[in-house]
Every structure is written in structure tokens, then in C-alpha cells.
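Asker: Sharing a structure, written as C-alpha cells. Questions coming.
The values are calculated or read from the model by the stated rules, or taken from the named source; none is laboratory data. In this text the structure is predicted, and so the values were computed from the model without any measurement. In this analysis, Cβ positions are derived from the backbone assuming ideal geometry, glycine residues included, and neighbour counts consider all displayed protein chains. Accessible surface areas use protein heavy atoms only, side chains included; no ligands, DNA or RNA. Shrake-Rupley method; radii C 1.70, N 1.55, O 1.52, S 1.80 Å.
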There are 2 protein chains.
Amino acid sequence: MTSSPHFHILIEKIFSINVTAEELKSIPEPSLRRLPVYLQYLQNARETGKTEISTTLIARDLRLDPTQVRKDLAYTGIIGKPKIGYNIDILINSIEDYLNWNNLSDAFLAGAGNLGLALLGFEQFTKYGIKIVALFDNDGRKIDREVKGVPVLPVEKMASLAKRMHIHIGIITVPASSAQSVAEQMVAGGIKAIWNFAPKMLKLPEEIIVENAQFATSLAVLTRKLAESLKMVE
Amino acid sequence: MTSSPHFHILIEKIFSINVTAEELKSIPEPSLRRLPVYLQYLQNARETGKTEISTTLIARDLRLDPTQVRKDLAYTGIIGKPKIGYNIDILINSIEDYLNWNNLSDAFLAGAGNLGLALLGFEQFTKYGIKIVALFDNDGRKIDREVKGVPVLPVEKMASLAKRMHIHIGIITVPASSAQSVAEQMVAGGIKAIWNFAPKMLKLPEEIIVENAQFATSLAVLTRKLAESLKMVE
DNA sequence: AATATATTGTGAAATCCATCACAAAATATT
DNA sequence: AATATTTTGTGATGGATTTCACAATATATT
């Protein structure tokens with residue numbers, strides 16, 4: 001009967017109805033941003049040997065509201081059991097699926113400096129659905145070498161190679177001064193989404209997706225909270 | 001007369017009334033997170049020779065609502081001129097003051113790997129109110145050297161040195177596996193705020209301020225938007 | 001000098017997100 | 001078997017943030 005709370009979800013699964021772009025959009029951005037946090041927490045929890053977990057516990061450990069956690073997780077389509085909670089393995093899978101992190105996407109990374117290498121070396125990176133297949137740099141000493149099995153190529157080759165390899169994601173870790181130019185070359189190569197670590201706002205066509213990994217943003221919150229807490233003490 | 005819209009702000013300035021913790025708290029967190037974005041945008045704008053700027057223009061370039069920009073900037077106490085906008089220099093100063101980024105705070109950085117060095121090399125860093133005064137690492141080959149004029153010391157010395165130097169801010173760029181232990185040593189040294197780049201949730205006393213600079217968070221938004229846009233095309 | 005235009009600043013309305021309250025469900029306990 | 005307990009799922013409520021609407025104001029134009 002339609003009394004099941006998951007009736008419509010079941011129907012979708014049974015008939016393999018594709019989730020449309022409209023539905024995809026429906027998650028609030030704050031919820032979306034919390035999903036990776038849950039993921040990490042759950043991976044830690046799994047390592048301790050747990051197999052089930054409740055939102056009550058997740059919320060306590062992450063200092064969130066249990067209902068909020070439940071609603072966030074519900075966006076991924078996961079179904080829990082009253083009195084028990086969720087199966088950790090299934091929950092992890094559900095989140096990864098929702099984020100599309102189970103399908104690895106190839107990506108180009110421009111800027112083989114410390115930050116670029118840090119990202120490349122970040123093993124858990126493939127867990128986040130991204131595989132860096134080539135590095136690009138302008139420094140002749142770096143070019144034509146390999147770093148962790150990934151070739152370093154000159155920036156001029158980026159656009160044509162991106163086209164040929166149908167790359168959709170570009171990561172920018174070059175200095176602010178060359179970020180705009182590198183971004184434009186990525187766009188010329190057909191790249192659709194750019195993850196920008198350079199402290200510079202990029203001006204690109206509207207249809208290009210840009211996420212700025214602004215260090216400064218979280219630092220603002222930190223310094224602000226610290227100033228508050230120091231004020232309170234004195 | 002009290003008809004001036006900024007009467008209370010003027011009064012505060014004239015009598016140097018300190019902003020209290022209560023008032024400090026009053027900015028919405030979303031607004032706080034946007035302030036560094038404005039700052040960067042304004043610094044770029046200044047370099048082009050502009051001296052005045054309107055929220056209309058800022059909003060257009062950053063794809064925000066003009067009223068939102070106006071209200072955000074108002075939290076810093078800035079006052080604009082109808083038909084003209086804001087003086088860029090004064091506006092930049094106003095934001096920096098509000099974030100307390102004009103007063104440099106000393107900080108310790110644990111983890112002299114690629115990511116740590118990337119942060120250290122980030123010249124604009126001092127613009128964000130933080131000065132890294134020592135690096136800590138466990139790798140004997142790195143210890144007792146200097147990187148960009150900053151000494152690299154063994155992690156065991158961190159707590160006692162933090163106490164002696166009254167350090168309040170710690171930055172963690174060690175691997176996830178040692179993040180918790182390093183964080184605890186920071187707390188033991190009296191550090192009050194931790195900026196955590198390790199992909200690991202830290203369990204620390206409630207009074208410690210922790211900001212997680214989660215790469216994964218912005219990546220989730222990116223991959224999600226990309227999946228949406230690819231759905232729409234097909 | 002008068003009028004037009006662009007912008008600020010802000011109260012009001014609308015939207016979005018988080019939290020509350022509680023029925024339904026699954027297990028544990030008596 | 002009945003009762004107690006814990007948790008899920010969700011409609012309703014409350015609060016926070018964004019957007020709207022518009023008066024006030026400074027400059028530009030006629």
C-alpha cells in the first residue's frame with residue numbers, strides 16, 4: 001500500500017526511473033556540503049569494526065542536530081531501521097553514489113608546485129571521484145618528468161589534449177597571476193568544471209562551473225571565532 | 001541629529017567604545033564567509049586603477065544580489081555614497097579591520113610536507129592576519145633546517161614552545177593518521193584555535209576552536225553541479 | 001536651477017534551512 | 001505476550017538569510 005514511507009523511492013528503483021536534473025538540484029547546498037563530512041566520519045567509524053550507526057550518535061560526535069543528519073542522509077535515498085539506524089557500508093555507498101564519487105572522472109591539474117603536488121599525493125583523492133591524469137606546468141625543469149606516475153607536460157599542450165581526451169574537470173594550482181590565462185586554456189580545451197585554488201576570481205563564460213577552494217574563507221571564520229573567545233576571557 | 005543612519009556607529013567611533021563579543025557574534029556566518037571573497041575582488045579591482053566601486057558592480061561580477069553585498073559590507077561599518085559607491089581603499093581597510101587581519105597573529109604549522117610548504121609559501125598569507133613562526137615535523141631530514149626563513153623543529157618541542165611563545169593558532173597539515181595526536185599536543189601547548197587540513201575529524205575539548213579546511217567539501221559541490229549539467233545536456 | 005539617474009540604506013516580505021514534536025516501527029526487556 | 005525503549009521519518013514550526021520595494025541622497029544632465 002501507499003502507506004510505506006518509501007513508496008515513491010521504491011517505485012523509482014523498481015522501474016529504474018532516472019533521477020532528473022530537477023531532482024538532483026533539490027538538495028540544499030548546506031546539506032550537500034555536509035555529505036563529505038559524514039562520509040569521512042563513517043569511514044573512520046567503519047574502521048573501528050562497527051556495522052550499524054544511528055543519526056543520534058553521528059549528530060553527537062559531529063555536534064549537529066540528529067534530525068538534520070537524518071534529513072541530509074535521506075537525500076541520498078538511504079533507508080534506516082528504527083531502533084537500529086543505518087548499515088554503515090550501505091550508507092557510505094549511498095553517499096558516494098549520490099556524489100557520483102564511485103565513477104572516477106579524469107582531471108587535469110595545472111601547476112606542479114607544492115600545492116599541486118600536495119593534491120596529487122593526497123591518496124584518498126580517488127575516493128573523491130577524481131583521477132588526475134596529467135600535470136601541466138611552465139617550468140622547463142619539471143616538464144616531461146613523471147610525478148607519482150603522472151606525466152608533467154607543458155601548458156601549451158593542455159587545451160588540445162583536453163579535447164582529445166574529453167576531460168571535463170580542471171584543477172588550478174598556479175599562482176594568482178597566471179590563473180586567468182590557464183583557466184581560459186582549460187575552457188578552450190572543452191573543460192566544463194574548474195576547481196580553483198588560486199586566490200583570484202576567474203572571469204569565465206557563465207556555463208562553466210567554478211568552485212573556488214578559498215583557504216581564506218575558513219580562515220576568516222577561525223580568526224573571527226578566536227577574536228570572540230579572546231574578548232570573552234579578558 | 002539622530003536622523004543620520006549611522007548615528008550609533010559614529011558615536012562608537014567618537015568614544016572608542018569597544019565592540020563587545022556579543023556584537024562580534026552578530027554577523028551571519030554566510031556573510032562572514034563572503035567577506036574574504038570581497039576582499040580579494042577589491043584588491044584585484046584596485047590594481048586596475050579604480051578608486052570607487054558600487055555594490056551593483058561587485059554583485060554583477062561575483063554573481064550575488066546587490067542588497068546582499070550592501071548588507072554584508074555594512075557589518076564592517078563602512079559607509080558609502082549614493083550614486084558613487086564606496087572608496088576601494090577604505091573599504092578594503094574596513095574589511096581587514098573587521099576580520100582583525102591587520103593585526104598579525106603568530107601561528108605554528110605542523111607538517112612540513114607539500115601542503116605545509118604550499119601554505120608557508122603563500123605570500124599573501126600575511127595579508128590574512130597570520131604569520132607562521134615555526135614548522136614542526138617528525139622527519140629527521142627536515143628538522144633543524146630553515147624553510148623560507150622559518151625553522152623546522154621536532155614535534156616533541158611544539159607544546160612547550162607554544163606555551164613559552166603564547167601561540168594561539170595551530171595549523172595541521174600532517175597525514176590523517178597523526179592529526180589527532182598533533183592536535184592534542186597543540187592543545188597541551190595552550191593553542192586555542194586549530195586550522196585542520198588533515199582529512200580527519202578531530203576530537204578535542206569543546207572550548208577549542210576547530211576549522212576544518214575540507215577540500216572534499218568544495219569538491220562535492222563541484223562534482224554535483226557537473227553531474228547536473230551533464231544530465232541536462234543528454 | 002530643475003530634472004534625470006544611479007546608488008545607498010533599510011524595513012518588510014519571501015524563501016530557505018534548522019529544529020521541534022510526534023506517530024510508526026523495530027528491537028529489547030519483563 | 002505485553003511493555004518499554006530507541007530510533008526513523010516527516011509534517012509543522014521557528015529562525016535565519018536573502019530578496020524585494022522604496023525613500024533618501026549625491027551626482028550628472030538639460
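Asker: Can you compute 3J(HN,Hα) from phi for each residue in region A:113-120, using the Karplus curve 6.51 cos²θ - 1.76 cosθ + 1.60 with θ = phi - 60°, rounded to whole Hz and x for Gly and Pro?
Answerer: Calculated HN-Hα couplings, in order: x, 4, 5, x, 5, 4, 5, 4 Hz.
Asker: Please compute the net charge surrounding B:ASN102, taking Lys and Arg as +1 and Asp and Glu as -1 over other residues with Cβ under 11 Å from its Cβ.
Answerer: Numbers: positive: B:LYS127; negative: B:GLU96, B:ASP97.
Once positives and negatives cancel, what remains is -1.
Asker: Using θ = phi - 60° and the Karplus curve 6.51 cos²θ - 1.76 cosθ + 1.60, what whole-Hz ³J(HN,Hα) does each residue of region A:167-179 get, with Gly and Pro shown as x?
Answerer: Computed from phi, the couplings for region A:167-179 are 7, 10, 10, x, 10, 10, 10, 7, x, 3, 5, 10, 4 Hz.
Asker: Further, regarding this structure: Listed highest first by mean packing, meaning other Cβ atoms within 10 Å per residue, what order do B:57-64, B:207-214 come in?
Answerer: Numbers: B:57-64: 15.1, B:207-214: 18.2.
Per-residue mean Cβ counts within 10 Å order the peptides as B:207-214, B:57-64.
Asker: Which value, in debye to the nearest 20, describes the size of the charge dipole of chain A about its Cα centre when Lys and Arg Cβ atoms bear +1, Asp and Glu Cβ atoms bear -1, and nothing else is charged?
Answerer: On the way: 27 positive and 25 negative charges, 69 e Å.
Roughly 340 debye, rounded to the nearest 20.
Asker: Convex hull over the alpha-carbon atoms of chain A: what's its volume per residue in Å³? Each step should come with its number before you reach the end.
Answerer: Details: hull volume 44.0 nm³, N = 234.
Taking only Cα atoms, chain A has a hull volume of 188 Å³ per residue.
Asker: Mind grabbing the interface size between B and A? I mean buried accessible area, both sides, 1.4 Å probe, in Å² to the nearest hundred.
Answerer: Numbers: alone 15060 and 15070 Å², together 23780 Å².
So the buried area, both faces added, is about 6300 Å².
Asker: Next question. Along the charge dipole of region B:105-217, Cβ charges K/R +1 and D/E -1, which of B:ILE172, B:ALA183, B:LEU119 sits furthest on the positive end?
Answerer: About the Cα centre, the residue reaching furthest to the positive side is B:LEU119.
Asker: Okay, moving on. Taking only protein heavy atoms into account and a 1.4 Å probe, give the accessible area per residue of chain A in Å². Mind showing how you got there, number by number?
Answerer: Working: 11900 Å² over 234 residues.
That works out to 51 Å² per residue.
Asker: Can you give the average number of partner chain beta-carbon atoms within 10 Å of each beta-carbon in peptide B:109-118, as a whole number? Walk me through the numbers on the way to the answer.
Answerer: Values: counts 0, 0, 0, 0, 4, 10, 7, 2, 5, 10.
Counting other chains' Cβ atoms within 10 Å and averaging over B:109-118 gives 4.
Asker: Further question on the same structure: Take the alpha carbon gyration tensor of region B:140-234, find the square roots of its eigenvalues, order them as a ≥ b ≥ c, and report rounded if a/c is under 1.5; if not, report prolate when a/b exceeds b/c, else oblate. Mind showing how you got there, number by number?
Answerer: Working: a/c = 3.25, a/b = 2.05, b/c = 1.58.
Since a/c reaches 1.5 and a/b is larger than b/c, the shape of region B:140-234 is classed as prolate.
Asker: Please express the Cα-Cα pair-distance distribution P(r) of region B:76-211 as a list of whole percents, one per 5 Å bin, running from 0 to the bin with the greatest distance.
Answerer: Bin by bin from 0 Å, the calculated values are 2, 10, 18, 20, 17, 11, 7, 5, 5, 3, 1, 0, 0.
Asker: Taking Cα atoms of region A:94-172, Rg/Rh with Kirkwood Rh, to two decimals? Numbers along the way, then the final one.
Answerer: On the way: Rg = 12.9 Å, Rh = 13.0 Å.
For region A:94-172, the value is 1.00.
Asker: Place a +1 charge on the Cβ of each Lys and Arg in the protein assembly as shown and a -1 charge on the Cβ of each Asp and Glu, then give the dipole magnitude about the Cα centre in debye, rounded to the nearest 20.
Answerer: Values: 54 positive and 50 negative charges, 2 e Å.
With only Lys, Arg, Asp and Glu charged at Cβ, the dipole is about 0 debye.
Asker: Ignore the peptide's own chain and count Cβ atoms of other chains within 10 Å of each Cβ in A:91-101; give me the average, rounded. The partial results should precede the final answer.
Answerer: Numbers: counts 0, 0, 0, 0, 1, 0, 0, 3, 7, 7, 4.
Mean shielding by partner chains, rounded to a whole number: 2.
Asker: OK, next. For region A:30-41, take each phi angle, set θ = phi - 60°, evaluate the Karplus expression 6.51 cos²θ - 1.76 cosθ + 1.60, and give the result in whole Hz per residue in order, putting x for glycine and proline.
Answerer: These are the phi-based 3J(HN,Hα) values: x, 5, 4, 5, 7, 4, x, 5, 4, 4, 4, 4 Hz.
Asker: Here's something else I'd like to know. Given label points at 7 Å from Cα along Cα→Cβ, what nm distances, shortest first, separate B:VAL133 from the same residue in every other copy?
Answerer: For B:VAL133, the other copies' label points sit at 4.9 nm, shortest first.
Asker: Given only helices, namely DSSP H runs of n ≥ 4 each adding -39500 (n - 2.57), what is the per-residue ellipticity at 222 nm of the protein assembly as shown, to the nearest 500 deg cm²/dmol? Don't skip to the end; give the middle numbers.
Answerer: Values: 20 runs with 220 residues, N = 468.
That comes out to -14000 deg cm²/dmol.
Asker: Does the protein assembly as shown come out rounded, prolate or oblate by the C-alpha gyration tensor, with a ≥ b ≥ c the root eigenvalues, rounded set by a/c under 1.5 and, if not, prolate when a/b is larger than b/c and oblate if not?
Answerer: Numbers: a/c = 1.22, a/b = 1.20, b/c = 1.01.
Judged from the Cα gyration tensor, the protein assembly as shown comes out rounded (a/c under 1.5).
Asker: Follow-up. What size of dipole, in debye to the nearest 20, comes out for region A:105-217 about its Cα centre when the only charges are +1 on Lys and Arg C-beta atoms and -1 on Asp and Glu C-beta atoms?
Answerer: On the way: 12 positive and 11 negative charges, 30 e Å.
Charge dipole of region A:105-217: 140 debye, to the nearest 20.
Asker: What are the distances, in nm and sorted shortest first, from the label point of B:GLU206 to the label points of the same position in each other copy, with each label point placed 7 Å from Cα along the Cα-to-Cβ direction?
Answerer: Nearest to farthest, the other copies are at 4.8 nm.
Asker: To the nearest whole number, what is the average tally of beta carbon atoms from other chains within 10 Å of the beta carbons of peptide B:187-193? Mind dumping the intermediate values first?
Answerer: Numbers: counts 0, 0, 0, 0, 0, 5, 7.
What the average comes to for B:187-193 is 2.
Asker: Sticking with this one: Measuring from a point 7 Å out along Cα→Cβ, what nm distances, shortest first, does A:ALA188 have to its partners in the other copies?
Answerer: The answer, with the shortest distance listed first, is 5.5 nm.
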